[in-house]
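In what follows, a structure is listed as structure tokens, so that the remarks can point back to it.
The values are calculated or read from the model by the stated rules, or taken from the named source; none is laboratory data. If you're wondering where the values come from, they're calculated on a predicted model, not measured in any experiment. Positions of Cβ are backbone-derived with ideal geometry, glycine not excepted, and every protein chain shown enters the neighbour counts. Please note that ligands, DNA and RNA were not included when accessible areas were found on the heavy atoms of the full protein model with its side chains. Shrake-Rupley method; radii C 1.70, N 1.55, O 1.52, S 1.80 Å.
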Amino acid sequence: MRSILTFILFATLFTSCKKVIQLDLSNNADKLIIEGNITNQAGPYIVKLTKSVNFNDPNTFPPITGALVIISDNLNQRDTLKYSGNGNYTTNKLIGVEGRTYSLSVVAEGKNYSAQSTMPTKVNLDSLRLVYTIVNAKDVINVTPVYLDPLALGNSYRFIQKINNKLDETYYAFNDNLNNGLANQRPLRSGDPDLELIKGDIVQIEMQCITQDTYTYFYSLSQQTRGGFGGGSAPANPPNNIKGDALGLFSAHTSQTKTVVVR
């Protein structure tokens, strides 16, 4: 009897584990992907529309043509975007300004989608500081963006790092919950072992001041890849600000870029 009970217990556990790890990775096929950005830099700005594919298919996302894409702001300025190829819809006259709220409307394949984003006030990127440390008897170099977080709580940031013009695909999303009103001390540590900094490297950092929605989106992506570059937890859709059951994000944010040479 004990042997039978043991067998049943292990069979139950095995079956339960199978149910836990089975993932439906195809349920996002044929969903619209919206990637839209408005910045404080000169336009034009682009909203990219593509369609998702099955998890096992090649990462070639079909572009969406024939869509109606409109961006307006809270000053009643309205811009109907023009299709420019490869799923890209380009603004004609819109200007990105700090503090303004931008509304996106998309009509594609008979469905309506919308999103809204208010561009935060820019926090100045003062400089880039190289940080030299020793990890496991090995010299490690990272870049720390130098900026002073405002006294008011609620600021969020995203950083994009390029090393010798190669994109670091690590998701860098910070907020000021732990360092409100203080100078930033957090270096950018890449999850890609092939992008370790060495002397002579040219590092370009873009700093974006982003909304809470955008922070949540990119922070969620960073958590999915914590187990290693390109790995980590099971794939999932990060929460976004798009209404209409679409993937992607619409973000109004400030942008500034600085470059440093590793010495």
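Within the stretch 60-77, take every residue that is over 16 Å from residue 98 (Cβ atoms), of a type outside the set (A, V, I, L, M, F, W, C) and not in a loop (DSSP other than H, G, I, E, B) and give me the one that is most open to solvent (accessible area, probe 1.4 Å).
63
Of everything in the stretch 163-189 that's in a strand (DSSP E or B) and of a type in the set (Phe, Trp, Tyr), which residue is farthest from residue 120 (Cα to Cα)?
My answer is 172.
Please verify whether residue 96 is closer than 25 Å to residue 243 by Cβ, part of a loop (DSSP other than H, G, I, E, B) and open to solvent by 50 Å² or more (accessible area, probe 1.4 Å), treating the condition exactly as stated.
So residue 96 fails the test.
Looking at residue 120, is it part of a loop (DSSP other than H, G, I, E, B) and either in contact (Cβ under 8 Å) with a residue 12 or more places away in the chain or open to solvent by 40 Å² or more (accessible area, probe 1.4 Å) (or both)?
When the stated conditions are applied, residue 120 passes them.
I'd like the residue in the stretch 205-218 that is part of a strand (DSSP E or B) and not charged (D, E, K, R) and, out of all such residues, is surrounded by the most Cβ atoms within 10 Å (Cβ to Cβ).
Filtering the stretch 205-218 for residues that are part of a strand (DSSP E or B) and not charged (D, E, K, R), the one surrounded by the most Cβ atoms within 10 Å (Cβ to Cβ) comes out as 210.
Every residue, every condition in (1) modelled with pLDDT of 95 or more; (2) of a type in the set (Ser, Thr, Tyr); (3) assigned to a loop (DSSP other than H, G, I, E, B); (4) buried (at least 18 other Cβ atoms within 10 Å of the Cβ), yes or no:
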residue: 114; (1), (2), (3), (4): yes, yes, no, no
residue: 139; (1), (2), (3), (4): no, no, no, no
residue: 143; (1), (2), (3), (4): yes, no, no, yes
residue: 154; (1), (2), (3), (4): yes, no, yes, no
residue: 161; (1), (2), (3), (4): yes, no, no, yes
residue: 194; (1), (2), (3), (4): no, no, no, no
residue: 203; (1), (2), (3), (4): yes, no, no, yes
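Looking only at the stretch 125-137, how many residues end up being open to solvent by 80 Å² or more (accessible area, probe 1.4 Å), part of a loop (DSSP other than H, G, I, E, B) and within 16 Å of residue 259 (Cβ to Cβ)?
Total satisfying the criteria: 1.
Take the residues of the stretch 42-59 that are surrounded by 12 or more Cβ atoms within 10 Å (Cβ to Cβ) and not in a strand (DSSP E or B): which is modelled with the lowest pLDDT?
Result: 55.
Sort out which residues of the stretch 178-192 are under 20 Å from the mean Cα position of the chain (by Cα) and at pLDDT 95 or above, and write them in order of number.
Within the stretch 178-192, 186, 187, 188 qualify.
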